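Derivation of every value follows stated rules applied to the coordinates shown; laboratory data play no part. What you are looking at is a predicted structure, and each value in this text was computed from that prediction instead of being measured. Methodologically, a virtual Cβ is constructed for each residue, glycine included, from the backbone with ideal geometry; neighbour enumeration extends over all protein chains shown.
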Amino acid sequence: MMHELPLLSLAIWLPIIAGIAVLLTGGDRDARVARVIALIGAVMGFVVTLPLYAGFDIHQRDFQFVEIKTWIETFGVYYHLGIDGISLLLILLNSLTTVIVVIAGWTVIQTRVAQYMAAFLVLSGLMNGVFAAQDALLFYVFFEATLIPMFIIIGVWGGPNRVYAALKFFLYTLMGSLLTLVALIYLYNAAGGSFAMRDLYQLALPFDLQVLVFMAFFVAFAVKVPMWPVHTWLPDAHVEAPTGGSVVLAAIMLKLGAYGFLRLSLPIVPDASIYLAPMMIGLSLIAVIYIGLVALVQSDMKKLIAYSSISHMGFVTMGIFLFNTQGVEGAIIQMISHGFVSGGLFLCVGVLYDQMHSRQISDYGGVAKRMPVFAALFMLFAMANSGLPGTSGFVGEFLVIMGATQVNFWFAFSAAITLIFGAAYTLWMYKRVVFGDVVNPQVDALVDVNAREFLALGLFAILVLVMGLWPQPFANLIHTSVSELLAHVSYSKLPLPAQ
Amino acid sequence: MLDIQKLYLLVPLAPLGGAMIAGLLGWAIGRRAAHVVTILGMLVCLAASWLVYQDVMQGNTFNGPVYTWLVSGNINFFVGFLIDPLSATMMMVVSFVSLMVHIYTIGYMAEDPGYQRFFSYISLFTFSMLMLVMSNNFLQLFFGWEAVGLVSYLLIGFWYTRPTAIYANLKAFLVNRVGDFGFLLGIALILTYFGTLDYATVFAGSEKLAGNVIELLPGYSWSLMTVICILLFVGAMGKSAQFPLHVWLPDSMEGPTPISALIHAATMVTAGIFMVARMSPLFELSETALSFILVIGAITAFFMALVATVQYDIKRVIAYSTLSQLGYMTMALGASAYSAAIFHLFTHAFFKAVLFLGAGSVIIAMHHQQDMRKMGGLAKYMPITYLTMLIGAIANAGLPPFAGFFSKETIVDALHHATIPGAQFAYVLAVAGVFVGGFYSFRLMFYAFHGAERFADSHHPDVIAAELESQSDHDDHHDGHGKAHTPHESPMVVWLPLVLLAIPSIGAGWFIGTFVYGSYFGSTLTVSPSHTAMATLAEHFHGVTAMMAHATSTLPFWLAVAGAGCAWVLYVAYPTWPGVMRKELSVPVTILMEKYGLDRFNDWFFAGGARALGSGLWRVGDVAIIDGTLVNGAARVVSWFAALFRQLQSGYIYHYAFAMIIGALLLLTLAFISY
């Protein structure tokens, strides 16, 4: 496919260049300029992804908008980009979220504004890089590079315990990724000196090695998702991160792990993926149930939503390892929806925190009386988080449960418990924060959302409703990609057993 | 046909439009415009429903998609309509009762600051309920199912500053979610085995799968249909408040009275009954599921009626009465008497709406006092409310010639003739329940409308003082400023809906000939030839007059009369007796006042248990084991890193950027060295 503009490169580098431009505005004296440049950069970053959507051919089985340039010739490393429907959806989500985050941080961030905005813009470009990379090393570089801006975001603009949280986040994820590098290098050799994903897909590895490679990938991606039991970094990171950091972390960064499973684990080591699927489903179900119960008893709103994120991501990993259309498509839709819903929820907590400087549920009560518009938007996100039909939160969970029933009734049974737990922890929190009489005089002084907050929340809210009422346009983008993906898993790479 | 199909769309969309205008623009358009626009929407909805109903009665049915919600693999999920006698009847009931409640609300909520919000919610509810009944597939059914649950949640918690209201709405949502959990799994099994969620296709293929078994536990195989039907019915138990998932309904009375009438009596709670009737082709294939339904329905019908006899809150009496009546409908379903169940749903919608709205009228007159011990003698002050409620009470008690008699009598007879295991158990409880129903219905009437006027002197000790002590009362938040006033009849916007609903409460029963025994439902409701109860009844049916004449020689009729008589003795003739009886019979009365201890048990076991478990998992699993032990080793590394990073942590972004580039290069080099 020929395009005049290297759209994917633009999607990656435009935000990064904008980020550098914002940095150049210097300190906080020109904060307004920094904000405006950041907004322009974020909006342009989103605008350049629109032709990707418009020009995307949903029936094309190959990767689209491909760009190949030699990066390091001697080692056969290429700057190789290309997307399928799954990448496209995530790139769109990422670029849009960046705009929302810039809007949300507009007045809230008053120190090191330029650096703050720059970090998000750079992060956005890097994550687009992860979703667009077709060269495994390039993927790895982008994947690792995303750690740095997020580390800075938490470590600089975070809460009182930010250094601990940032380090926990950094070490947890770095530790996970190192094994991946080893695995990639092994694969590079096995493929005769190529990091190209399409070459790695062709590799017919023996079973034992497949399992090893799978486990190496697993550690990195499971930490990122995060899956139980390597999830404990996430609540700390969320609690300490500034609102924008939490939004990006939940809405996009967690998806890098799930995306890694889809892009690398399944096609490269399909036999190991199938062999280990029961383990993956088991861990996912633990996430759904165990974490659901843990979320119930949290007294910190952000921590509660963080645990809820882990529980919801359990549906993503479970859906992927069901290896049927409903499961995988449900997982992908859940990834996108979770972006809208958790993004919206973290923004909601941010709106409250900016005025009250507390995330403790017990400090609130009766917010609806002072902030009716906010209460309505918060209700929408809470209901979406509870998986109410008509919101995006239902679609993915529904499809995954449908897919699970085809594999094993008890998988579906355990997963469906989220219907009860999800509603319990979300609505119980909502009740204690928003309903009731105003007891705390600080709550009595709250003012409703301003235009900027309304815009940021409203964008997510519309997406939650559109995707809930009519998910078909979203799903259309991924049908071909999912069937292509499932084709990889549907035949074994192992030699036929000798008769 | 094209025009009528546009009408189908108009039926749900008119209330939705009203809801959106009142909800989103309510702050701008004001109170008057909010009720005008929603009532206009309801009028359009009712008119369109009526035209559709007429069309369906001509024999024109419809089954088709509206839009494709989602395609996944080879499965298409649609939003679509199935318009047949069953859905058309439900559309009429829903739009009519909803319109009445809309009008009534003008009076009832007149002084409430959330006026526009309330109208928006009830119109939104109507939309959801209509989408539920008009659906032609399980997905949309589930949509409507959860959507009505949402609106119910919003409306129970309408007065969101009251702790009892927001406790009740959370409880209602969660208990319903337990039901939905089963419901969704039932739907998932249907999709797995039938490959579609379209009703018609599923029903057509159900016979073929009737013999299938699934092995849920290794070594134990179950009939597929039994598993599917019981799972679906668990959903109905949640929504239609069947034991033991009934616990949310009495508490839902915390919501404003109009929605108690609309949602928690006439329409939403009957969704489960409607659903099982709709699924009759599936339920007919599982005798086990039908037996299960019979037993659950019987328990609900009898034991909830008993609780109604000791309640003081006028709304709670009616709420427990609703539970009991829903139990009767459920029993009818279990006896394969689907048409009787729907007929009872139909008549009950009217007389229960009258009772609730009448109770609301009383509550207005009493300045938001709901305790019957502080009422009495109201009949002469509010004659319209009294008469209409009396009609509702007689119908509720199942006495001829009012509507409830025909439907309840048919259910009792059907149970008598049913051969499904459990039918005799259900029959005994159903007959006993008729006595209790007669008693609590008339207890309410006598207690509130006859006898001494207790509203003026509720500060003085009197015969009921002992009773006052025995129970915490459910006083409303406005209590306390109405002692000096004389109660008076409510305004016309309040009594007009009462009158309009009282008319069908009298007359609706007379349609039994076509409705239950005629060809009204056509092929919509499936009854297996081996389930002969309704066929037997049809043979013995010789018109309504003969039915009434025959009833006077049967046990249920005299039991209902006896129940009413007992109420007269206790609450009119000898009003001191109830107090004495409460003391003498303290054990059974306490059991009933405690609602069999289910609320306590649920709070302790489920709510408390989940919290304890969550707390344990968090403190032991996450904090102690994973973070404490596993990450502990890493923690030392962390502190070492921290020392290192403290020096690096300059706060300048270019330092970090520099570190980032070094890091990336380092990683790359590392990669290539090992190559």
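Ranking B:SER530, B:SER72, A:SER194 by Cβ neighbours within 10 Å, fewest first, what do you get?
B:SER530, A:SER194, B:SER72
Direction-averaged shadow area of the convex hull around the Cα atoms of the stretch B:369-422, nm²?
5.9 nm²
Taking the simple approach of a point 7 Å from Cα along Cα-to-Cβ for both B:ILE29 and A:GLN472, what is their distance in nm?
Placing both labels 7 Å along Cα→Cβ, they lie 2.9 nm apart.
Using the Kirkwood radius over Cα pairs, work out the Stokes-Einstein diffusion coefficient for the stretch A:349-419 at 20 °C and 1.002 mPa s, in µm²/s as a whole number.
Rounded, D is 149 µm²/s.
Can you tell me how the stretch B:515-642 classifies by the Cα gyration tensor, rounded, prolate or oblate, using a/c under 1.5 as the rounded cut?
Numbers: a/c = 6.27, a/b = 1.91, b/c = 3.28.
Cα axes put the stretch B:515-642 in the oblate bin.
What does the charge count near A:THR111 come to, summing +1 for each Lys or Arg and -1 for each Asp or Glu among other residues with Cβ under 15 Å from its Cβ?
+2
Stokes-Einstein D for the stretch B:265-409 at 20 °C, 1.002 mPa s, Kirkwood Rh over Cα pairs, in µm²/s?
135 µm²/s
Take B:THR164 and B:ALA607, extend 7 Å from each Cα along the Cα→Cβ direction, and tell me the distance between the two endpoints in nm.
Result for the modelled spin labels: 1.5 nm.
If N is the number of residues in the stretch B:64-169, what value comes out of its Cα radius of gyration divided by 2.2 N^0.38 Å?
Cα-based Rg divided by the globular estimate yields 1.28.
I'd like the mean, over residues of A:142-149, of how many other protein chain beta carbons sit within 10 Å of each residue's own Cβ.
If you average over the peptide's residues, the count of other-chain Cβ atoms is 3.
Report the per residue volume, in Å³, of the convex hull enclosing the C-alpha atoms of the stretch B:483-523.
110 Å³
With a ≥ b ≥ c the root eigenvalues of the C-alpha gyration tensor of the stretch B:1-98, is it rounded (a/c under 1.5), prolate (a/b larger than b/c) or oblate?
Taking the square roots of the gyration eigenvalues as a ≥ b ≥ c, the stretch B:1-98 is oblate.
Translational diffusion coefficient of the stretch B:223-325 at 25 °C, 0.890 mPa s, Stokes-Einstein with Kirkwood Rh over Cα pairs, in µm²/s as a whole number.
175 µm²/s
Stick to Cα atoms and the Kirkwood definition of Rh, then tell me Rg/Rh for the stretch A:107-226.
My calculation of the ratio gives 1.07.
Where does chain B land at 222 nm, in deg cm²/dmol rounded to the nearest 500, when only DSSP H runs of n ≥ 4 count, each adding -39500 (n - 2.57), divided by all residues?
-21500 deg cm²/dmol
Report the per residue volume, in Å³, of the convex hull enclosing the C-alpha atoms of chain B. Walk me through the numbers before you get to the answer.
Working: hull volume 162.6 nm³, N = 675.
Taking only Cα atoms, chain B has a hull volume of 241 Å³ per residue.
Once you treat every alpha carbon in the stretch A:361-499 as an equal point and sum by Debye, what is log10 I(q)/I(0) at q = 0.14, 0.21 Å⁻¹?
-0.82, -1.25
Kindly list the residues of the stretch B:277-305 that lie in the label zone of B:GLU207, defined by a backbone N under 18 Å from the point 7 Å along the Cα-to-C-beta vector.
Label zone hits: B:279-287.
Using the eigenvalues of the Cα gyration tensor, what equivalent ellipsoid semi-axes result for the stretch A:189-248 when each is taken as the square root of five times the eigenvalue, whole Å, largest first?
34, 15, 7
Calculated FRET efficiency, A:ASP30 and A:TYR186, Cβ-Cβ r, R0 51 Å, to nearest 0.05?
Efficiency for this residue pair is about 0.55.
Let me know the Kirkwood hydrodynamic radius for the stretch B:155-301, please, with Cα pairs as the basis and the value in Å to one decimal. List each step's numbers first, then the result.
Working: mean 1/r = 0.0613 Å⁻¹.
About 16.3 Å for the stretch B:155-301.
Please work out how much length the chain gains when fully extended from B:TRP577 to B:LEU40, using 0.36 nm per residue of separation minus the C-alpha to C-alpha distance, in nm with one decimal.
188.3 nm
Averaging sequence separations of C-alpha pairs under 8 Å and six or more residues apart, then dividing by the length of the stretch B:122-200, give the relative contact order as a whole percent. Please list the in-between numbers first.
On the way: 64 pairs, mean separation 23.1, N = 79.
Normalised by residue count, the contact order of the stretch B:122-200 is 29 percent.
For the stretch A:419-499, what is one quarter of the convex hull surface built on the Cα atoms, given in nm²?
Averaging across all directions leaves 11.3 nm² for the Cα convex hull.
Eigenvalues of the Cα gyration tensor times 5, then square-rooted: what semi-axes does that give for the stretch B:140-217, in whole angstrom, largest first?
Numbers: eigenvalues 257, 39, 9 Å².
Ellipsoid half-lengths, sorted descending, are 36, 14, 7 Å.
Kindly give the semi-axes, whole Å and largest first, of the ellipsoid equivalent to the stretch A:301-344, taking each as the square root of 5 times a Cα gyration tensor eigenvalue.
22, 11, 4
Compute the normalised compactness of the protein assembly as shown: alpha-carbon radius of gyration over 2.2 N^0.38 Å, N being the residue count.
That ratio works out to 0.99.
Sequence gap at least 6, Cα distance under 8 Å: using those rules, report the relative contact order of the stretch A:377-499 to the nearest whole percent.
36 percent
For q values of 0.15, 0.19 Å⁻¹, compute log₁₀ I(q)/I(0) with the Debye formula on a Cα-only model of the stretch A:98-155, without solvent.
-0.47, -0.67
Give the Rg (one decimal place) followed by the Dmax (whole number) of the stretch B:565-626, computed from C-alpha coordinates and expressed in Å.
Answer for the stretch B:565-626, Rg first and Dmax second: 22.5, 71 Å.
Taking every pair of alpha-carbon atoms in chain A, give the share separated by more than 45 Å as a whole percent.
For chain A, the share of Cα pairs beyond 45 Å comes to 8 percent.
Enter the mean number of other protein chain beta carbons within 10 Å of the beta carbon of each residue in B:188-195, as an integer.
Shielding by partners across B:188-195 averages 5.
What's the extension gain from B:TRP558 to B:LEU51 if we count 0.36 nm per residue and subtract their Cα-Cα distance?
178.4 nm
What do you get for Rg/Rh of the stretch B:7-47 when both radii come from the Cα atoms and Rh is the Kirkwood radius?
My calculation puts Rg/Rh at 1.01.
Counting only Cα, what are the radius of gyration and maximum Cα-Cα distance Dmax of the stretch A:252-362, in Å?
15.9, 53
Where the convex hull is taken over the Cα atoms of the stretch A:58-158, what is its projected area averaged over directions, in nm²?
Mean orientational projected area (the stretch A:58-158, Cα hull): 7.5 nm².
Over 27 Å between C-alpha atoms is what I'm after, so list which of A:LYS369/B:LYS374; A:LYS302/B:LYS171; A:LYS168/A:LYS303 land there. The partial results should precede the final answer.
Numbers: A:LYS369/B:LYS374 32 Å; A:LYS302/B:LYS171 24 Å; A:LYS168/A:LYS303 15 Å.
Pairs exceeding the cut-off: A:LYS369/B:LYS374.
What is the helix-to-structure angle for B:224-239, meaning the angle in degrees between its Cα long axis and the longest Cα principal axis of chain B, kept from 0 to 90 and rounded to the nearest 10?
Once rounded, one gets 70 degrees.
I'd like the mean, over residues of B:72-82, of how many other protein chain beta carbons sit within 10 Å of each residue's own Cβ.
Averaged over the peptide's residues, the number is 4.
Between B:ASP599 and A:THR74, what is the FRET efficiency for a Förster distance of 56 Å, r being their Cβ-Cβ separation, to the nearest 0.05?
It comes out at approximately 0.15.
Can you pull the percent of Cα pairs in the stretch B:125-165 with separation above 16 Å?
Within the stretch B:125-165, distances greater than 16 Å cover 40 percent of Cα pairs.
What is the ratio of the Cα radius of gyration of the stretch A:1-126 to 2.2 N^0.38 Å, where N is its residue count, to two decimals? Can you show the working numbers first?
Working: Rg = 16.2 Å, N = 126, 2.2 N^0.38 = 13.8 Å.
Rounded to two decimals, the normalised Rg is 1.17.
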